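Notes follow the structure.
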Amino acid sequence: MPNQYQRFFSVSLIFALLIGALPSQFYAQRRANKTPLGKELKLDLLIKGGTVIDGSGSAPVKNDIGIRGDRIVFVGKSARLKVNAARTLDAAGLIVASGFVDPHTHALEDLSNPKSSGNENYLMQGVTTVVTGNDGDGPFRVAETLEKWERQGIGTNAALLVGHGSVRRQIMGAVDAEPSMEQLAKMKNLIGTAMSEGAFGMSTGLYYAPGSFAKTEEVIALAKAVAEKGGVYDTHMRDEGSYSIGLLGSIRETIRIGREAKIPVHISHIKALGKDVWGQSRQVVRIIKQARAAGIRVTANQYPYTASGTNIIAALVPRWAEAGGNAELLKRIKDPQIRPRLVVEMEANLKRRNGAEAILITRSRDRELIGKTLGAIAQERKKSPVETALDIAENGGAGIASFNMSKSDIEYFMKQNFVMTGSDGSSGHPRKYGTFPRKLREYVFGKKLITLSFAIRASSALTAETFRIPERGLLKVGYFADVIVFDPKTVHDRATYEQPETLATGMKYVVVNGKISVDEGKYTGMLAGRALRKTHSDKLNRNLQP
Ligand SMILES: [Zn+2]
């Protein structure tokens with residue numbers, strides 16, 4: 001039996017422990033933001049009084065967003081709580097949305113160059129994550145690229161696709177041939193490694209050389225290696241017009257790849273290219289809907305411009321003339337035995353693109369050409385448009401804006417719930433600086449073709465979901481704090497075909513991983529983006545440092 005002294009001692013000890021434990025428990029609970037005691041919410045950033053559109057497609061709600069570190073920790077009415085925020089952004093009268101995710105960019109070079117790695121043209125559009133490596137051009141050395149970005153710092157988050165064209169060129173060169181079993185195995189190997197190093201999928205550019213030299217069976221075999229690692233298939237299809245297998249044939253080819261490789265397929269910059277196929281958007285959507293109903297995951301992205309951006313060789317020269325690479329092409333152009341056949345086919349291709357007045361030179365070594373149509377240059381030189389195009393091809397080529405889409409097709413594609421916003425941003429075309437705000441200004445606020453919630457879902461959550469980028473694309477507690485605050489009255493693209501490198505306006509704040517990268521409408525120089533790696537563990541993703 002314990003004596004009185006012992007009993008008193010143990011009771012005191014229990015009391016002391018309880019009292020000692022209470023405060024730490026109290027603070028721990030407050031830190032975890034779950035406690036009924038005090039209800040103090042400690043934040044790095046509070047975005048207050050805005051109209052919140054969370055990216056899911058649901059209706060706008062007046063709410064506040066709380067951010068701590070790189071995460072969203074609160075969505076709701078903060079007035080009921082005691083809030084201790086290091087900084088508060090007043091969002092009254094403004095839209096607060098999930099940062100935009102762009103599924104198709106050519107930002108690889110900009111991100112890799114310390115002078116342009118801020119990706120300011122995207123931040124000013126509200127884009128906080130870009131996918132790059134599209135059109136079959138993505139690097140197969142994925143780890144090397146991601147590590148470089150991490151070392152140098154990048155302004156937006158960025159995810160990579162391994163390029164089928166790059167892999168094919170590495171293993172087979174620029175030949176127009178089928179791979180041997182050994183070459184196919186080597187290609188699979190490179191792709192498997194790229195996926196293990198963090199690529200989110202594989203892109204193809206079946207319209208371009210050398211992707212165009214690949215048969216569907218080759219693409220299916222390689223896509224299987226991507227599917228095994230949970231990746232997606234992204235494509236610039238073999239034909240968006242009437243060049244070879246046609247727009248509908250290409251849609252069917254893409255769906256077949258999805259079905260046979262058991263992989264989600266994504267059609268980049270969906271369009272009906274050229275008058276021959278204008279109006280086919282209806283059939284395209286019907287075919288895609290059937291495939292989706294049959295369980296094949298088919299999605300697409302689109303930019304809101306009637307001109308595509310490419311180069312004069314890709315647009316007009318037939319692929320057989322490119323076999324073996326550029327030096328071989330130049331030889332064929334000079335060869336009097338071959339040139340006539342080239343001219344005939346190029347004339348047909350020019351017609352497919354609505355003629356010489358529909359081709360605008362946007363980039364060229366010869367600066368005199370920039371801003372002129374191929375038709376105007378041909379007239380100046382007193383040559384045919386195709387002869388003029390061959391001269392340009394022989395003198396280093398040229399970037400072009402090719403006016404080949406109808407507004408009616410663009411609008412029909414835009415209304416589909418599986419079509420997301422994608423810039424395909426390339427130098428010389430205003431889409432690199434204007435895509436996302438242009439869609440809001442022209443199609444949400446102007447024509448009222450789609451609602452703001454629909455447009456924001458198509459520019460954020462739908463894309464993150466499609467490319468399997470975890471914990472981004474939604475304003476949701478626990479998700480990364482990629483948040484944009486913009487003025488619906490002033491959100492505006494400013495880039496034009498004449499001045500393609502003009503920043504968009506209207507983004508008041510852009511937050512990337514919890515850091516304010518655009519403040520009062522100006523880029524802060526912050527490099528808060530992360531090189532994203534595909535992984536099966538969220539923890540790994542979380543531990544990635546910028
Ligand atoms: Zn493309």
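Criterion applied to Gly241, Gly295, Gly279 was being outside any helix (DSSP H, G or I), small (Gly, Ala, Ser) and within 15 Å of the ligand (Cβ to nearest atom), and the one residue passing it is Gly241.
Table: residues versus (1) outside any loop (DSSP other than H, G, I, E, B); (2) surrounded by 13 or more Cβ atoms within 10 Å (Cβ to Cβ); (3) of a type outside the set (Asp, Glu); (4) out of contact with any strand residue (DSSP E or B) (no Cβ under 7 Å at 6 or more places or on another chain).
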{"position": "Ala321", "(1), (2), (3), (4)": "yes, yes, yes, yes"}
{"position": "Gly324", "(1), (2), (3), (4)": "no, yes, yes, yes"}
{"position": "Gln337", "(1), (2), (3), (4)": "no, no, yes, yes"}
{"position": "Asn349", "(1), (2), (3), (4)": "yes, yes, yes, yes"}
{"position": "Asn354", "(1), (2), (3), (4)": "no, yes, yes, no"}
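Sort through Ile400, Ile392, Ile410 and tell me the only one that's closer than 22 Å to Tyr122 by Cβ, among the β-branched types (Val, Ile, Thr) and either away from the ligand (no atom under 16 Å from the Cβ) or out of contact with any Cys (no Cβ under 7 Å at 6 or more places or on another chain) (or both). Testing whether each residue is closer than 22 Å to Tyr122 by Cβ, among the β-branched types (Val, Ile, Thr) and either away from the ligand (no atom under 16 Å from the Cβ) or out of contact with any Cys (no Cβ under 7 Å at 6 or more places or on another chain) (or both) leaves just Ile410.
Which of the residues belonging to segment 196-217 are away from the ligand (no atom under 16 Å from the Cβ) and open to solvent by 10 Å² or more (accessible area, probe 1.4 Å)? Listed by number, the residues that qualify are Ser196, Glu197, Phe213, Lys215, Thr216, Glu217.
When residues in segment 136-159 are screened for being open to solvent by less than 10 Å² (accessible area, probe 1.4 Å) and either within 16 Å of the ligand (Cβ to nearest atom) or at pLDDT below 95 (or both), 2 of them pass. For segment 469-487, state whether one or more residues are without any contact (Cβ under 8 Å) to a residue 40 or more places away in the chain and either over 19 Å from the mean Cα position of the chain (by Cα) or open to solvent by less than 40 Å² (accessible area, probe 1.4 Å) (or both). No, segment 469-487 contains no residue that is without any contact (Cβ under 8 Å) to a residue 40 or more places away in the chain and either over 19 Å from the mean Cα position of the chain (by Cα) or open to solvent by less than 40 Å² (accessible area, probe 1.4 Å) (or both). Close contacts from segment 52-67, counting a first residue that is more than 16 Å from Ile484 (Cβ to Cβ) and a second that is open to solvent by 40 Å² or more (accessible area, probe 1.4 Å) and of a type in the set (D, E, K, R), with Cβ to Cβ under 6 Å and a gap of 6+ residues or different chains, come to Gly57/Arg457. Comparison of Val130, Val167 shows that the only residue that is part of a strand (DSSP E or B), out of contact with any Pro (no Cβ under 8 Å at 6 or more places or on another chain) and surrounded by 22 or more Cβ atoms within 10 Å (Cβ to Cβ) is Val130. Within segment 508-519, residues that are farther than 21 Å from Thr51 by Cβ reach partners that are surrounded by fewer than 24 Cβ atoms within 10 Å (Cβ to Cβ) and among the polar types (S, T, N, Q) with beta carbons closer than 8 Å, at six or more positions or on different chains, in the pairs Ser517/Thr524.
Go through segment 104-117 and report how many residues are open to solvent by 10 Å² or more (accessible area, probe 1.4 Å) and in contact (Cβ under 8 Å) with a residue 12 or more places away in the chain.
Restricting attention to segment 104-117, the residues satisfying the condition of being open to solvent by 10 Å² or more (accessible area, probe 1.4 Å) are 106, 108-110, 112-116.
Checking the rest, the ones that are also in contact (Cβ under 8 Å) with a residue 12 or more places away in the chain come to 106, 108, 112, 114.
Number satisfying all stated conditions: 4.
If the condition is being in a helix (DSSP H, G or I) and surrounded by 19 or more Cβ atoms within 10 Å (Cβ to Cβ), then segment 172-187 contributes Met172, Met187.
The values are calculated or read from the model by the stated rules, or taken from the named source; none is laboratory data. As the structure is a prediction and not an experimental result, all values here were calculated from the model. With ideal geometry, Cβ positions are generated from the backbone for all residues, glycine too; neighbour counts draw on all protein chains shown. Only protein heavy atoms, including side chains, enter the accessible area calculation; ligands, DNA and RNA are left aside. Shrake-Rupley method; radii C 1.70, N 1.55, O 1.52, S 1.80 Å.
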